Each structure stands twice: as structure tokens, then as C-alpha cells.
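*Asks:* Quick one: the structure is below, questions incoming.
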Amino acid sequence: MKSKLKAAGLLLAMAVMAALAQPGLAADVYPANPVKLVVPFAAGGGTDSVARALSQTLAARLPQPVVVDNRPGAGGSIGTLAVVQSAGDGYTLLLGSNGTMVLNPLLYPQLKYQVERDLVPVAGIASVPYLIASNPQFEAADVKGLLAVARQRKVTFASPGNGTTNHLVGVLLENQSKTDMTHVPYRGTALAMNDVISGNVNFLSGDLGTLLPMVNAGKLRALAVTGPQRVATLPNVPTVAESGLPGFEATGWFGIFAPKNTPPAVVEKLSAEVVQALKDPRVLQRLNDLGGSPMPLTSEQLKRLVASETAKWRRVVTENKVTADALQ
């Protein structure tokens, strides 16, 4: 009997030691291997730029390589699902955004993942306002003027497609200003932007980093930024709230997420390291280039942000019966 108990105790001890030896299960030894940061969009875009700036600083702090893995497709859902289906060991992380974490689940109920059920928020990274820009020949020089025109005649706004963030920013602008504007969807930002530049459509909203070169070249006129304050790259351009719509805010954001079974101690360690990495001057400069600001949120704070953003945009989607194009 004693020998059986001794053998059972030995097996239990070995099981505990084996569990502790697994990567990601003990925060004091994490990370023991390289960490993969999945970006659910193609290389070269704003999301990818944020990921690469952060990964270099984070790798120095862990210290383990942080490898950016671009998994584009289906509006970000392919890369997101890949993370959802990976082991919850802290070695596969997701760079999520308001588009993938909030808008896609609202617009595509057939998605194979649910954010609250399948992912754990780790840390907030950055917030990036959108820019509302018009053709330079459009008669309004700011959003206040734009809305005045919209109350007199039909005004058109372009977007990269139905249900995109850019589309919903335009819908929110309509709702809060009580105007009725015509949405003109395109298949991509470049096409939408080109038709505004050519004067076929009056204005569009878009990522500040994408539209800024066209503004600097005089091909677009910046009317307003959609965040809570002005941005350093366009100090003379007011916010929408300053332009006659108090309380208006529509901001893009990025955060790190992990699979649902990731140990809390590992999430806590990652969260603290990301917050510290956001103080690095190189990361801050890259965010500034994109018109963004650091958003050092803890896991719980990021969870609350996802919940509040979901509630906000659910109202916009539901009340305006917004539908989306098929995920490509």
C-alpha cells in the first residue's frame, strides 16, 4: 500500500513539474521562447506599422524575439481566428483593432469567433483619430460649413465599402448633425480617395496616416479630425466636436489580445511590459507619424473599452440598418 502511495505521489510531482515546464504556464519563466504577434492585415498598413514599432521594443524588454506574423484576409477575421484557435500559452498574440474586435462581430454574426468568449484583452496600445477630408474645390472649409451645405442640398461621402469604419463615421456624422447625406461605397480606400480628389464625391473619412500625404500635397482639404483633441501633425485642423457637434468622437484603436486560456499571470506580465514599451521614443514617434497617441490600458481597462465601443456602434448599426459587404 505504501509503495502504491509513494508511486502515486511521485507521478503527481512529475505532473506538476511537467506542467511548470510548459512555456507560458509560469509567469516567472515566461517567455522562454519567441512570441508571435499576429497582425490580421497585410504588411505595410497602419496596423502593421504599429505592430512592428511595438514588437522591437517589446522584444528588448521580454527579452525574446517578437515576430510579426501577417495573416490578412476577410476583413481581419482570418488572422483573428488563427489566434483564437491557437494554444493559450502566451506565445501567440493578436494585434486587434476596433474593426476586428467591435465592428466585424456586429456586422458579421456568422463569424466563427466571439471576442468576449474566445479572447482575453491584454493591453491597449494606441488610439488614432480619423480625418474628414474633402475635395479642395468643395465650398466648405470645415465641418461646420460642410453641415451647412448638407442642410441645403445633397452632399456625398465616399468610403472603402459598406460597413467599413469609414462608412460608419459618416453615418455617425449624419446622425449627430441630423443631416441626410448620400453614401458612395467603393472597393477600397484608394478608389474612394481618388474620386474625392477628382471631385466626383464631396468628402470622405479615413485613417489620418493614409489621407495626410494627400492633404500635404494639396489634393485633399482637411476639414476635421474625429478624436477628442487636435493632432500634432495637423494643429490647425479642429475636431468635429469643436466644429459644432459637441460630444462627437470616433476613434480607431489598437490593442493586444490573447487566446482565452492564457494564464492570468502571463496576461498581467505582458500587460505591464506593453505599457512600459509604449514609453519608448521610437514607438511614440511612429504613433505620432500616424496621427495617433499611446493608449496604455490594462487588461481590465481594455475589456471595458471593447464593451463600451460595442454598445456605441451597435446603436449606430442597428438604428441605421447598416449592412456590410461580404468579407473579402
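*Asks:* Run the numbers on segment 156-244 and let me know its relative contact order in percent, using alpha-carbon pairs under 8 Å that are six or more apart.
*Replies:* Answer for segment 156-244 is 26 percent.
*Asks:* Would you kindly state how much longer the chain becomes between residue 151 and residue 318 on full extension, computed as 0.36 nm times their sequence separation minus their alpha carbon distance, in nm to one decimal?
*Replies:* 57.7 nm
*Asks:* Compute the Kirkwood hydrodynamic radius of segment 273-327, taking the inverse of the mean of 1/r over all pairs of distinct Cα atoms, and give it in Å to one decimal. Before the final figure, lay out each step's value.
*Replies:* On the way: mean 1/r = 0.0721 Å⁻¹.
13.9 Å is the Kirkwood radius here.
*Asks:* Here's something else I'd like to know. Let me check against my output: what whole-number percent is the relative contact order of segment 30-186, with C-alpha pairs under 8 Å and at least 6 apart?
*Replies:* Relative contact order for segment 30-186 comes out at 18 percent.
*Asks:* Okay, next question. Where does helix 299-319 land angle-wise versus the long Cα axis of the chain, in degrees 0 to 90, nearest 10?
*Replies:* For helix 299-319, the angle is close to 40 degrees.
*Asks:* For segment 112-165 and segment 270-328, compute the distance between their C-alpha centroids and round to whole Å.
*Replies:* 15
*Asks:* Moving on. Express in nm, to one decimal, how much length is gained between residue 61 and residue 200 on full extension, taking 0.36 nm for each residue of separation and deducting their alpha carbon distance.
*Replies:* In short, 45.1 nm is gained.
*Asks:* Extending each Cα 7 Å along its Cβ direction at residue 33 and residue 276, get the distance between those two points in nm, one decimal.
*Replies:* 2.4
*Asks:* Extending each Cα 7 Å along its Cβ direction at residue 285 and residue 229, get the distance between those two points in nm, one decimal.
*Replies:* For the pair residue 285/residue 229, the computed spacing is 2.2 nm.
*Asks:* Follow-up. Taking amide hydrogens as modeled 1.01 Å from N in the peptide plane, which residues meet the under 5 Å criterion relative to residue 223, leaving out close sequence neighbours?
*Replies:* Result for residue 223 returns 132, 133, 134.
*Asks:* Using only C-alpha positions, report the orientation-averaged shadow area of the convex hull of segment 217-299, nm², one decimal.
*Replies:* Over all viewing directions, segment 217-299 projects a mean Cα-hull area of 7.5 nm².
*Asks:* Which entries of 112/260; 154/321; 112/279; 154/178; 279/312; 144/279 have Cα-Cα distances beyond 25 Å here?
*Replies:* 112/279; 279/312; 144/279
*Asks:* Sum -39500 (n - 2.57) across every DSSP H segment of at least 4 residues in the chain, then divide by the residue count to get the 222 nm mean residue ellipticity, nearest 500.
*Replies:* On the way: 12 runs with 135 residues, N = 328.
Using -39500 (n - 2.57) per qualifying helix, the result is -12500 deg cm²/dmol.
*Asks:* Can you give the Rg to Rh ratio of segment 113-263, both from alpha-carbon atoms, with Rh computed by the Kirkwood formula?
*Replies:* 1.03
*Asks:* With the contact rule set at Cα under 8 Å and sequence spacing of 6 or more, what percent relative contact order holds for the chain?
*Replies:* On the way: 638 pairs, mean separation 85.1, N = 328.
After rounding, I find 26 percent.
*Asks:* How large, in Å, is the chain by the Kirkwood hydrodynamic radius built from its alpha-carbon pairs? Could the numbers behind the result be given before it?
*Replies:* Numbers: mean 1/r = 0.0475 Å⁻¹.
Hydrodynamic radius (Kirkwood, Cα only) of the chain equals 21.1 Å.
Values quoted throughout were computed directly from the atomic coordinates according to the rules given, and no laboratory measurement underlies them. All of these numbers come straight from a predicted model, not from anything done at the bench. Neighbour counts are summed over all protein chains in view; Cβ atoms, including those assigned to glycine, are modelled from backbone coordinates with ideal geometry.
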